[in-house]
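Visitor: Attaching a single structure in structure tokens format; questions to follow.
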Amino acid sequence: MILLMAAAGSCHAKQTVFSANDYGAKGDGTTLNTAAIQKAINAAAEVKGIRQGTVTLKPGTYLTGSLFLKSGVTLDVAEGVTLVGSEQLKDYPELPTRIAGIEMTWPAALVNVYKQTNATITGEGTIDGDGKVWWDGSIASWNFANHSAQRPNISSRDCGRRMWWRTPK
């Protein structure tokens with residue numbers, strides 16, 4: 001009985017928390033926060049253990065380009081937090097990928113897990129890729145009928161809460 005209770009407690013072990021706001025992130029909806037949020041993610045990845053650290057943000061709207069989660073890091077997008085994708089292509093570095101069976105370089109997504117494992121996204125907040133600007137732009141004419149991509153071990157969990165992923169209107 002004691003062994004089972006100890007095992008159950010270890011599933012919810014407290015992680016070290018890194019507030020992206022402490023690294024300069026501003027939830028004002030206009031400041032580009034990519035560097036500040038990424039610094040918090042990188043710091044969380046340096047913590048020793050199976051689950052390194054959790055990155056949080058204070059309520060607000062955070063404009064950002066591509067973010068790259070690291071192995072064992074949790075990004076907690078809490079209620080009242082919105083990550084909004086920049087509309088500037090320069091904020092999304094190009095990475096090797098495969099689209100429609102063709103190997104090519106392509107701009108990274110808003111939240112990425114590239115060559116990493118066991119990354120987690122939690123929370124009741126919103127991740128808004130601001131996709132309309134991209135679909136209305138030059139890529140609208142591309143044919144994406146045959147998607148093929150490698151998927152890393154990434155999970156979204158929120159301990160009974162709901163996670164919302166907003167799609168373009």
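The values are calculated or read from the model by the stated rules, or taken from the named source; none is laboratory data. Please read these numbers as outputs of a predicted model, since none were measured by experiment. Here the Cβ is made from the backbone with ideal geometry for all residues, glycine too, and neighbour counts use every protein chain on show.
Visitor: Looking at segment 126-134, is at least one residue in a strand (DSSP E or B), among the aliphatic types (A, V, I, L, M) and either surrounded by fewer than 17 Cβ atoms within 10 Å (Cβ to Cβ) or at pLDDT 95 or above (or both)?
Guide: No, every residue in segment 126-134 fails to be in a strand (DSSP E or B), among the aliphatic types (A, V, I, L, M) and either surrounded by fewer than 17 Cβ atoms within 10 Å (Cβ to Cβ) or at pLDDT 95 or above (or both).
Visitor: Would you be able to tell me the number of residues in segment 56-65 that are assigned to a loop (DSSP other than H, G, I, E, B) and surrounded by fewer than 20 Cβ atoms within 10 Å (Cβ to Cβ)? Break it down stepwise before answering.
Guide: Applying the first criterion (assigned to a loop (DSSP other than H, G, I, E, B)) to segment 56-65 yields 57-59, 65.
Right, trim to surrounded by fewer than 20 Cβ atoms within 10 Å (Cβ to Cβ) and you get 58-59.
Going through segment 56-65 one residue at a time, the tally reaches 2.
Visitor: Got a number for residues in segment 99-123 being more than 13 Å from residue 69 (Cα to Cα) and in a loop (DSSP other than H, G, I, E, B)? Full working, then the answer.
Guide: The first filter runs over segment 99-123 and keeps only residues more than 13 Å from residue 69 (Cα to Cα), leaving 99-107, 123.
If we keep only those that are in a loop (DSSP other than H, G, I, E, B) too, we end up with 100-101, 123.
The total comes to 3.
Visitor: Taking segment 97-108, which residues are surrounded by 12 or more Cβ atoms within 10 Å (Cβ to Cβ) and not polar (S, T, N, Q)? Write out each step before concluding.
Guide: Step one: list which residues in segment 97-108 are surrounded by 12 or more Cβ atoms within 10 Å (Cβ to Cβ), which gives 97-100, 106-108.
Matches in segment 97-108: 98, 99, 100, 106, 107, 108.
Each row is one residue, and each column tells you yes or no for (1) surrounded by fewer than 20 Cβ atoms within 10 Å (Cβ to Cβ); (2) part of a loop (DSSP other than H, G, I, E, B); (3) touching a residue at least 12 places away in the same chain (Cβ under 8 Å).
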| position | (1), (2), (3) |
| --- | --- |
| 31 | yes, no, yes |
| 39 | yes, no, yes |
| 43 | yes, no, yes |
| 47 | yes, yes, yes |
| 54 | no, no, yes |
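Visitor: Pick from 79, 94, 87: which is surrounded by fewer than 17 Cβ atoms within 10 Å (Cβ to Cβ), more than 21 Å from residue 19 (Cβ to Cβ) and touching a Pro at 6+ places or on another chain (Cβ under 8 Å)? Even if it seems obvious, please write down each step before you answer.
Guide: Numbers: 79 fails: more than 21 Å from residue 19 (Cβ to Cβ); 87 fails: touching a Pro at 6+ places or on another chain (Cβ under 8 Å).
Matching residue, one of 79, 94, 87: 94.
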